[in-house]
Amino acid sequence: MGLNREYVGREYEPILHTVTEEEIKEYAWAIGARNLTYFNFNGALSPIGPKGMAPPSYAVVYELPILEKLWSDPNLHGGNEEAKKNVLMLVHGEQQMRFYKPIRPGDRLAFQIKITDIEDKGSGELLVFKVLTTNGSSESVVESEWGLFIRGIGSGQKSQKSNREEKQPADNEDPELAFRRIIRVPNDITYRYAEAAHDKNPIHIDDEVAKKAGLNGIIVHGLCTMSMAMRAIIECYTESDPSKLMQLGVRFSSPVYPGDILSIDAWELGKKGENTLLGFEVKRKIDDVKVIKGGTAEVAI
């Protein structure tokens with residue numbers, strides 16, 4: 001059964017969240033980031049680098065637990081049994097994030113969620129949430145767009161290209177690389193990330209459940225893979241200054257497993273005002289399968 005289209009356009013009441021230093025540090029450690037900017041908030045770095053801040057993708061820590069309640073709503077799926085089946089078949093399809101202001105310990109934030117679309121992708125349906133976070137002065141801090149793909153409930157017809165996808169080089173093009181970085185995925189990363197990001201979806205921590213969902217075993221959280229790619233962009237292109245990352249977008253195209261070795265290739269797409277636009281993709285080295293396609297980043301360089 002398809003999702004209830006009456007939910008498109010539904011907007012929920014704002015929710016408050018106060019940022020803690022412990023949350024920031026736990027999340028940074030879970031994604032393998034060792035940038036001192038994420039661990040030092042007493043001003044010691046100010047003469048030689050940016051003021052301490054959270055990893056740009058940190059906002060998912062407070063967004064995800066609320067989103068999980070919303071995407072599990074039986075009325076969205078047409079009943080309790082349908083909801084259980086659909087949630088088991090749910091994987092992260094796309095993520096877009098725009099960063100307006102750094103997040104720091106003690107920040108009092110408000111975030112509001114809206115369901116903006118439900119797309120038939122043929123082999124499943126894409127449920128799209130938009131989340132806007134503001135600070136105490138009502139200034140935008142982070143804007144997120146979550147594309148959650150539920151396998152097996154689509155029409156079976158070939159889907160049209162999403163209007164959210166950015167232009168990328170064709171497979172026969174060979175862009176000049178801005179950088180290439182190897183990412184080694186730790187064997188225990190799903191357990192660390194599940195705790196730090198409050199994402200206890202069993203396909204990431206229970207091998208039996210993952211196999212029941214049609215996977216080969218436990219898979220790495222999509223947002224964890226995205227954040228590892230984000231880490232590479234910050235380290236390789238912004239001189240390890242996370243405040244220079246303005247936007248990040250990805251499409252998850254294949255599962256990542258603990259122990260995988262990944263390779264991220266990035267290239268310059270051009271300028272957007274004074275900022276530089278990057279395209280990137282992430283491949284699994286053992287079989288050259290792309291696990292992230294159509295990646296985009298905007299950096300203040």
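The values are calculated or read from the model by the stated rules, or taken from the named source; none is laboratory data. Because the structure is predicted, anything quoted here is derived from the model rather than measured. Cβ coordinates were reconstructed from backbone atoms using ideal geometry, including for glycine residues, and neighbour counts include every protein chain displayed. Surface areas here come from the heavy atoms of the whole protein model, side chains and all, with no ligands, DNA or RNA. Shrake-Rupley method; radii C 1.70, N 1.55, O 1.52, S 1.80 Å.
Can you tell me which residue among LYS130, LYS121, LYS114 is open to solvent by 60 Å² or more (accessible area, probe 1.4 Å) and more than 15 Å from the chain's Cα centre (by Cα)? Break it down into steps so the answer makes sense when it comes.
On the way: LYS130 fails: more than 15 Å from the chain's Cα centre (by Cα); LYS121 fails: open to solvent by 60 Å² or more (accessible area, probe 1.4 Å).
Being open to solvent by 60 Å² or more (accessible area, probe 1.4 Å) and more than 15 Å from the chain's Cα centre (by Cα) holds for just one of LYS130, LYS121, LYS114, which is LYS114.
So if I check each of LEU36, LEU90, LEU67, which one is within 23 Å of the chain's Cα centre (by Cα) and modelled with pLDDT of 95 or more? Before the answer, list the steps.
Details: LEU36 fails: modelled with pLDDT of 95 or more; LEU90 fails: modelled with pLDDT of 95 or more.
Going through LEU36, LEU90, LEU67 in turn, just one is within 23 Å of the chain's Cα centre (by Cα) and modelled with pLDDT of 95 or more: LEU67.
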note = Going through (1) among the aliphatic types (A, V, I, L, M); (2) under 14 Å from SER144 (Cα atoms); (3) open to solvent by 30 Å² or more (accessible area, probe 1.4 Å) one by one, VAL87 fails only at (2)
query = Could we say that LYS200 is open to solvent by 30 Å² or more (accessible area, probe 1.4 Å), at pLDDT 90 or above, within 30 Å of VAL19 (Cβ to Cβ) and not aliphatic (A, V, I, L, M) here?
reply = no
task = Kindly list, by first and then second residue, each pair from a residue in segment 213-233 that is without any contact (Cβ under 8 Å) to a residue 24 or more places away in the chain to a residue that is among the aliphatic types (A, V, I, L, M) and in a helix (DSSP H, G or I), limited to pairs with Cβ atoms under 8 Å and residues at least 6 apart or on different chains.
result = none
remark   = Over segment 56-94, the set of residues in contact with a Phe, Trp or Tyr (Cβ under 6 Å, 6 or more places away or on another chain) and within 18 Å of ILE31 (Cα to Cα) is PRO56, TYR58, VAL61, HIS92
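Consider GLY52 carefully, then state whether it is on the phi > 0 side of the Ramachandran plot and out of contact with any strand residue (DSSP E or B) (no Cβ under 7 Å at 6 or more places or on another chain). Walk me through how you get there before you give the answer.
On the way: on the phi > 0 side of the Ramachandran plot: no; out of contact with any strand residue (DSSP E or B) (no Cβ under 7 Å at 6 or more places or on another chain): yes.
Judged against the criteria, GLY52 is not a match.
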ask   = When you go through (1) under 19 Å from GLY124 (Cα atoms); (2) assigned to a helix (DSSP H, G or I); (3) not hydrophobic (A, V, I, L, M, F, W, C) one by one for GLY2, which number turns out not to apply?
value = (2)
task = State which residue pairs qualify: first residue under 30 Å from ALA213 (Cα atoms) and inside segment 252-279, second residue polar (S, T, N, Q) and in a strand (DSSP E or B) in any location, beta carbons under 9 Å apart, and separation of 6 or more residues or different chains.
result = PHE252/GLN95
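Mind listing just one residue for me: the one in segment 264-281 that is among the small types (Gly, Ala, Ser) and within 15 Å of ILE234 (Cα to Cα) and, of those, surrounded by the fewest Cβ atoms within 10 Å (Cβ to Cβ)?
Within segment 264-281, the subset among the small types (Gly, Ala, Ser) is 266, 270, 273, 279.
Applying the additional criterion that residues be within 15 Å of ILE234 (Cα to Cα) yields 266, 279.
Numbers: ALA266: 24, GLY279: 20.
Checking each candidate, the answer is GLY279.
Within segment 189-206, which residues are of a type in the set (D, E, K, R) and in contact with a His (Cβ under 8 Å, 6 or more places away or on another chain)?
The one that is of a type in the set (D, E, K, R) and in contact with a His (Cβ under 8 Å, 6 or more places away or on another chain): ASP199.
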ask   = Restricting attention to segment 173-190, and to residues there that are of a type outside the set (Val, Ile, Thr) and within 14 Å of VAL256 (Cα to Cα), which single residue is surrounded by the most Cβ atoms within 10 Å (Cβ to Cβ)?
value = PRO186
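Select from segment 207-225 the residues that are among the hydrophobic types (A, V, I, L, M, F, W, C) and in a loop (DSSP other than H, G, I, E, B) and list them in ascending order. Full working, then the answer.
Just the residues of segment 207-225 that are among the hydrophobic types (A, V, I, L, M, F, W, C), to begin with: 209-210, 213, 215, 218-220, 223-224.
Selection gives ALA213, LEU215, ILE218, ILE219, VAL220.
Take the residues of segment 290-301 that are of a type outside the set (Ser, Thr, Tyr), open to solvent by less than 50 Å² (accessible area, probe 1.4 Å) and assigned to a strand (DSSP E or B): which is nearest to LEU245 (Cα to Cα)? Please lay out each step first, then the result.
Of all residues in segment 290-301, those of a type outside the set (Ser, Thr, Tyr) come to 290-295, 297-301.
Filter again for open to solvent by less than 50 Å² (accessible area, probe 1.4 Å), leaving 291-292, 294-295, 297-300.
If we keep only those that are assigned to a strand (DSSP E or B) too, we end up with 291-292, 294-295, 297-299.
On the way: VAL291: 22, ILE292: 18, GLY294: 17, GLY295: 14, ALA297: 7, GLU298: 6, VAL299: 5 Å.
Checked segment 290-301; the qualifying residue nearest to LEU245 (Cα to Cα) is VAL299.
In the list GLY93, GLY147, GLY136, GLY152, which residue meets the criterion of being within 13 Å of GLY2 (Cα to Cα) and in contact (Cβ under 8 Å) with a residue 24 or more places away in the chain? Show your work before the answer.
Values: GLY93 fails: within 13 Å of GLY2 (Cα to Cα); GLY147 fails: within 13 Å of GLY2 (Cα to Cα); GLY136 fails: within 13 Å of GLY2 (Cα to Cα).
None of the other options fit; the residue is GLY152.
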inquiry  = Between a residue in segment 166-190 that is assigned to a loop (DSSP other than H, G, I, E, B) and at pLDDT 75 or above and any residue that is open to solvent by less than 70 Å² (accessible area, probe 1.4 Å) and of a type in the set (Gly, Ala, Ser), which pairs come within a Cβ distance under 7 Å, given they are 6 or more apart or on different chains?
reply    = VAL185/GLY259; ASN187/GLY259
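Would you point out which residue out of LYS290, LYS244, LYS283 is more than 14 Å from the chain's Cα centre (by Cα) and under 20 Å from THR37 (Cβ atoms)? Working first, answer last.
Values: LYS290 fails: under 20 Å from THR37 (Cβ atoms); LYS283 fails: under 20 Å from THR37 (Cβ atoms).
Matching residue, one of LYS290, LYS244, LYS283: LYS244.
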task = Select from segment 54-84 the residues that are among the charged types (D, E, K, R) and part of a helix (DSSP H, G or I) and write down the one among them that is least open to solvent (accessible area, probe 1.4 Å).
result = GLU63
request  = Consider LEU248 carefully, then state whether it is more than 29 Å from SER140 (Cα to Cα) and not in a helix (DSSP H, G or I).
outcome  = no
